[in-house]
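Okay, structure first, notes after.
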Amino acid sequence: MGVTPLLELAAVSYTYPGPQGGSRVLNAVSGVIHEGETLGVVGPNGSGKSTLLKILATLLRPTSGQVRYRGRPMARVPLHYRGRVNYSAGAPYGFYPRLTAVENLRFFAGIKGAACSPAGARRLLETVGLADRADAVYATFSLGMRQRLHLARLLLEPSEIWIVDEPTNGLDTDGVRLLEKILGDRPDKTKVIVSHDDDFLSRVATRRFVLTASGLVTV
């Protein structure tokens with residue numbers, strides 16, 4: 001008997017509502033994601049890369065098809081699954097502008113049902129080079145700082161799967177090195193990453209999904 005994939009996509013399609021039947025951005029996508037791999041998702045603009053990540057993060061429900069988690073339909077284990085997923089929408093999105101960096105991290109830890117003390121949040125911020133911005137509100141952050149806060153959010157525990165959209169956006173060279181170190185230091189995490197930075201993906205991804213208008217090609 002083969003090993004059950006961590007995640008399995010079975011003919012997943014998604015159509016955004018709209019006139020004349022809406023706009024389909026995913027077309028019967030099928031594939032598997034194995035535990036511990038770093039999967040790079042690539043494809044042309046409009047191919048549904050970010051939509052696929054939102055489906056994996058349970059922010060969208062497929063119009064048709066199914067996602068399975070450890071062999072079970074995701075719909076049967078929604079709370080357990082959501083508690084094991086860290087989703088990064090990428091800067092500038094994803095945080096409350098009037099909350100401080102510490103407050104944002106503690107809020108999102110609470111959503112996961114986990115505790116994150118102020119001291120714990122500050123340790124995460126130190127890891128990503130934001131120790132001196134711990135008490136600053138998110139609205140005052142530059143794009144690069146916002147992206148670093150997303151890196152800190154990825155490190156919240158418990159987590160099993162990291163779903164990351166355009167993580168290099170806004171990062172300087174040192175920030176990209178930090179991102180690659182964080183990804184490399186956590187081989188226990190399964191990572192699904194969308195990025196237009198092909199050089200970055202060539203360094204961090206163990207496999208790629210290529211989305212096309214007709215579905216999915218695995219490389």
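For region 28-37, indicate whether the set of residues that are within 17 Å of the chain's Cα centre (by Cα) and free of Cβ contacts under 8 Å to residues at least 40 places away in the same chain is non-empty.
Yes, the conditions are met somewhere in region 28-37.
On the basis of being of a type outside the set (Ser, Thr, Tyr), at pLDDT 95 or above and either within 18 Å of Val192 (Cβ to Cβ) or not in a helix (DSSP H, G or I) (or both), does Leu124 make the cut?
No.
Of all residues in region 151-196, which are basic (Lys, Arg) and in a helix (DSSP H, G or I)?
Hits for region 151-196 are Arg153, Arg177, Lys181.
Keeping to region 42-54, report how many residues are under 10 Å from Ile163 (Cβ atoms) and of a type in the set (A, V, I, L, M).
2
Any residue in region 194-207 that is within 16 Å of Leu125 (Cβ to Cβ), surrounded by 12 or more Cβ atoms within 10 Å (Cβ to Cβ) and aromatic (Phe, Trp, Tyr)?
no
Conditions (1) of a type in the set (A, V, I, L, M, F, W, C); (2) touching a helix residue (DSSP H, G or I) at 6+ places or on another chain (Cβ under 9 Å); (3) farther than 28 Å from Pro44 by Cα; (4) at pLDDT below 95, marked per residue:
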position	(1), (2), (3), (4)
Asp135	no, yes, yes, no
Ala139	yes, no, yes, no
Met145	yes, yes, no, no
Asp197	no, yes, no, no
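What residue, among those in region 135-150 that are part of a loop (DSSP other than H, G, I, E, B) and in contact with a Ser or Thr (Cβ under 7 Å, 6 or more places away or on another chain), is farthest from Tyr93 (Cα to Cα)?
This residue is Asp135.
Yes/no matrix, rows are residues, columns are (1) aliphatic (A, V, I, L, M); (2) surrounded by fewer than 16 Cβ atoms within 10 Å (Cβ to Cβ); (3) in contact (Cβ under 8 Å) with a residue 24 or more places away in the chain:
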residue	(1), (2), (3)
Glu126	no, yes, no
Ala131	yes, yes, no
Asp135	no, yes, yes
Trp162	no, no, yes
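Every residue in region 175-198 that is farther than 25 Å from Ser117 by Cβ and free of Cβ contacts under 8 Å to residues at least 12 places away in the same chain, please.
The one that is farther than 25 Å from Ser117 by Cβ and free of Cβ contacts under 8 Å to residues at least 12 places away in the same chain: Arg177.
Out of the residues in region 55-74 that are in contact with a Phe, Trp or Tyr (Cβ under 6 Å, 6 or more places away or on another chain) and hydroxyl-bearing (Ser, Thr, Tyr), state the one that is farthest from Val41 (Cα to Cα).
Going through the qualifying residues, I end up with Thr63.
Quick test of your reading of the structure: Ser50 fulfils all but one of (1) over 16 Å from the mean Cα position of the chain (by Cα); (2) at negative phi. Name the failing condition by number.
Just one mismatch for Ser50, condition (1).
The values are calculated or read from the model by the stated rules, or taken from the named source; none is laboratory data. This is a predicted model, so every value here is computed, not measured. All Cβ positions, glycine included, derive from the backbone under ideal geometry; neighbour counts span all protein chains shown.
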